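Chemist: Dropping a structure here in structure tokens format, bear with me for questions.
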Amino acid sequence: MSTVRAPGTFCTEVEPGKEYGLAALFQSWGLTGLSEGIASRWKCKVAHCTDTDAECLAAVLDGVPVMCNTAHAAHVFDKIPGNSGLDWICNGPWSSFKTPKIAFRGGWGQPGQTLVDECALELVNSFDDVLHKGTDPLNLQMFHRAEPDPATAVPVIPDLLSWPLPYFFDDGSKQFNRSDDMVDNEESCIAPACTVDRATRVSRGGAITWWHLDDCGEFTFQVGLPEPTPVPSTESDPTPVLIGPGGKRVVKIFIFAPKSAYELITQDDEVNKSGKFAGLQLFQTPDEFLPSSSMGENPQAGEAEDLPVFTVALLEAGGRPLLSPPNVPHLVITVDTCVMVEQRRVSRLFLDEVLYFQKRMARWIDPPIMYQFVTVSLPDHGFLDKDVAPFLTQALQNVTSEKQSALQNLGSGTEADRIQLSRVIATRAYQSFEALAQITPSYFDDANTTAQALVAAAGLVHRTGQTHDARSQRQHQVLLGMERGKTGLWWQQEKASARVAAYVHDNGCPRWGPLRATETAAIADRLVMLEACKHGTLSQALADLRCTASDQGGLSASHGHNGHTDAAAPTQHAVTAQVNAAHADADLFD
């Protein structure tokens, strides 16, 4: 799949928060090889660029990605000589590997690909191999582990990233302050976050990593290393260039879906059944295969709000670092060959994200390798006594104490701002307390004073009514949707009155029917669609279903159960009988 751009393309004419057509936006950026296959109904917003804690906090609480000030990556950039991350990674003593590493071929995770596919992997012996070996674009995500020879180990420059919102993300390690000196964290209390991993990623232009979640409910902070920004290409120099809002070369484009759209993006039951990736093929799924409330033959006329709105983040070489939220499905396009570094942290104030990931992971046939913070530390009562419960207890107590002595540690702003922030933190702490009670329920069975103090502090906050925020309420709805989910049916969560659409798969790619008001009607649609798949008439069957006379019924008066025009339509009794039989059909729903 080509990601070739038109010469001299710029992408500075974007307004964060404004809604765009995704295909039109990609086309305006010269990404014609991708835009041509994107359905016209997909909408997107460009991630906000923020220079203030208030705006960053709003994005974190809203669960959306945000582009932070470049000052957070200044010490990373200082370590790159010659202003080229590619030269730095390929010309240092670490450029060749003592043992081969596994790189992913571009396109890993695409619908229809088997979960274990050696053809999607490539052994590389150096960073230069990643850039030049073979014809397929490669992507090497090198997590930093202990190396036998420190002299040839890749420097762990992800540790030089300075995270925003320290009351959420400080991990207690040495941090850079606003000056150029490194300082010890002066707080004696437990840090809010734990760094679980760091990585340096080298990617060749054209690589696409398909829809995925990160590894355990962590936040990810990542930045593209600097590269020279060339002038726009000319007829004599046809090298294309894509310039971002910050005036630097765009190297990666992230497309984030809302958390509530997970079942639309990826269908876990189909993955488990087929052993292949199954999910939205964003670049090859036309409008007529998307769920729509349109009753006509023109699905483009369907309501825009039938589909979720994506968030697009542009990562520039030497530009703003990207703070990504946990558990949000995302797809990554490498526009230009580049080096990126990242650090991942689990926040003790967002343990509900860890719980969400565990519930999601429990539905997968092939669960990932989890971080020890989740698999070893959180189940350990001693660790909770020392490193989690006291922190949550203090966060809960701050909002109810008269003196609120810890408010001075919550950054700049007025006292009213700090009091409001303490309430935000207390609500987050309460959500983490509730999550911990499900992650390690045995901890609260012990009659130890630390656990009892945490329960008592949570009880005080519960009486204030500050136990939930908009984020936790949305999460609750997503979890309800996860439990309600049934193979072959997608429940729309973007509206107050949820509707449901049937779907079938074509080589891992879902094809949806119209949105219906009832599950019974959607099940009837699925019967039609499955039958049509046997005869190769799915497109016609979907067009027929969208022309049904009523959104309450399963079939129109002019079409039979096989999707073809019949002289006499089946009676409602016959449709009901089909639906009842479908409930017992293991192939249909299991």
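The values are calculated or read from the model by the stated rules, or taken from the named source; none is laboratory data. Quantities reported herein were computed from a predicted structural model and do not represent experimental measurements. All Cβ positions, glycine included, derive from the backbone under ideal geometry; neighbour counts span all protein chains shown. When the accessible area is computed, the model is the full protein with side chains, heavy atoms only, and any ligands, DNA or RNA have been set aside. Shrake-Rupley method; radii C 1.70, N 1.55, O 1.52, S 1.80 Å.
Chemist: I'm checking my understanding of the structure. Among residues of segment 381-426 that are modelled with pLDDT of 65 or more and part of a loop (DSSP other than H, G, I, E, B), which one is most open to solvent (accessible area, probe 1.4 Å)? Give the derivation first.
Modeler: To start, the set of residues in segment 381-426 that are modelled with pLDDT of 65 or more comprises 381-399, 413-426.
Applying the additional criterion that residues be part of a loop (DSSP other than H, G, I, E, B) yields 399, 413-414.
Numbers: Val399: 23, Gly413: 45, Thr414: 77 Å².
Here the residue is Thr414.
Chemist: Something else: Checking the structure you have, find out if any residue of segment 116-127 is part of a strand (DSSP E or B), crowded, with 19+ Cβ neighbours inside 10 Å and either in contact with a strand residue (DSSP E or B) (Cβ under 6 Å, 6 or more places away or on another chain) or modelled with pLDDT of 90 or more (or both).
Modeler: The answer is yes, given that some residue of segment 116-127 is part of a strand (DSSP E or B), crowded, with 19+ Cβ neighbours inside 10 Å and either in contact with a strand residue (DSSP E or B) (Cβ under 6 Å, 6 or more places away or on another chain) or modelled with pLDDT of 90 or more (or both).
Chemist: Moving on to the next point. Among the numbered conditions (1) open to solvent by 10 Å² or more (accessible area, probe 1.4 Å); (2) more than 18 Å from Ala502 (Cα to Cα); (3) at pLDDT below 95, tell me where Glu316 comes up short.
Modeler: Here Glu316 meets the rest and fails (3).
Chemist: Hey, another quick one. Please go through segment 331-352 and give me each residue that is in contact with a His (Cβ under 9 Å, 6 or more places away or on another chain) and open to solvent by 10 Å² or more (accessible area, probe 1.4 Å), ordered by number.
Modeler: Passing the criteria: only Val332.
Chemist: Where the second residue is hydroxyl-bearing (Ser, Thr, Tyr) and surrounded by 14 or more Cβ atoms within 10 Å (Cβ to Cβ) and the first is within 11 Å of His381 (Cα to Cα) and lies in segment 434-459, which pairs have Cβ atoms under 7 Å and are six or more apart or on separate chains?
Modeler: Taking only residues 6 or more apart or on different chains, the pairs are Ala451/Tyr443.
Chemist: Further, regarding this structure: In segment 77-106, which residues are open to solvent by less than 80 Å² (accessible area, probe 1.4 Å), closer than 18 Å to Pro155 by Cα and basic (Lys, Arg)?
Modeler: Hit for segment 77-106 is Lys101, nothing else.
Chemist: Out of all the residues in segment 358-403, which are in contact with a helix residue (DSSP H, G or I) (Cβ under 6 Å, 6 or more places away or on another chain) and of a type in the set (Gly, Ala, Ser)?
Modeler: Ser377, Ala389, Ala395
Chemist: Would you mind stating whether Gly109 is assigned to a loop (DSSP other than H, G, I, E, B) and open to solvent by less than 30 Å² (accessible area, probe 1.4 Å)?
Modeler: Numbers: assigned to a loop (DSSP other than H, G, I, E, B): yes; open to solvent by less than 30 Å² (accessible area, probe 1.4 Å): yes.
So Gly109 passes the test.
Chemist: Let me ask something additional. Tell me which residues, restricted to segment 353-380, are within 23 Å of Thr449 (Cα to Cα) and open to solvent by 50 Å² or more (accessible area, probe 1.4 Å).
Modeler: Val376, Pro379, Asp380
Chemist: In segment 214-225, what count of residues is obtained for those that are at pLDDT 95 or above and either assigned to a strand (DSSP E or B) or surrounded by fewer than 22 Cβ atoms within 10 Å (Cβ to Cβ) (or both)?
Modeler: Final tally of qualifying residues: 6.
Chemist: State all residues of segment 155-173 that are part of a helix (DSSP H, G or I) and over 18 Å from Leu322 (Cα atoms); if no residue qualifies, say none.
Modeler: Tyr167
Chemist: Right, here's the next one. Is segment 142-154 home to any residue that is touching a helix residue (DSSP H, G or I) at 6+ places or on another chain (Cβ under 6 Å) and open to solvent by 20 Å² or more (accessible area, probe 1.4 Å)?
Modeler: No, segment 142-154 has no match at all.
Chemist: Name the strands (runs of 3 or more DSSP E) wholly inside segment 486-537 in which the number of residues that are open to solvent by less than 10 Å² (accessible area, probe 1.4 Å) and on the phi < 0 side of the Ramachandran plot is 3 or more.
Modeler: The qualifying strands (runs of 3 or more DSSP E) are 500-506.
Chemist: Same structure again: Across segment 313-341, what is the number of residues that are touching a helix residue (DSSP H, G or I) at 6+ places or on another chain (Cβ under 6 Å) and within 23 Å of Met361 (Cβ to Cβ)?
Modeler: 4
Chemist: Separate question: Anything in segment 451-471 that is assigned to a helix (DSSP H, G or I) and surrounded by fewer than 18 Cβ atoms within 10 Å (Cβ to Cβ)? List them, or say none.
Modeler: Result: Gln452, Ala453, Val455, Ala456, Gly459, Leu460, His462, Arg463, Thr464, Ala470.
Chemist: Quick one: is Ser260 at pLDDT 85 or above, hydroxyl-bearing (Ser, Thr, Tyr), open to solvent by 10 Å² or more (accessible area, probe 1.4 Å) and touching a helix residue (DSSP H, G or I) at 6+ places or on another chain (Cβ under 6 Å)?
Modeler: Details: at pLDDT 85 or above: yes; hydroxyl-bearing (Ser, Thr, Tyr): yes; open to solvent by 10 Å² or more (accessible area, probe 1.4 Å): yes; touching a helix residue (DSSP H, G or I) at 6+ places or on another chain (Cβ under 6 Å): yes.
It is true that Ser260 is at pLDDT 85 or above, hydroxyl-bearing (Ser, Thr, Tyr), open to solvent by 10 Å² or more (accessible area, probe 1.4 Å) and touching a helix residue (DSSP H, G or I) at 6+ places or on another chain (Cβ under 6 Å).
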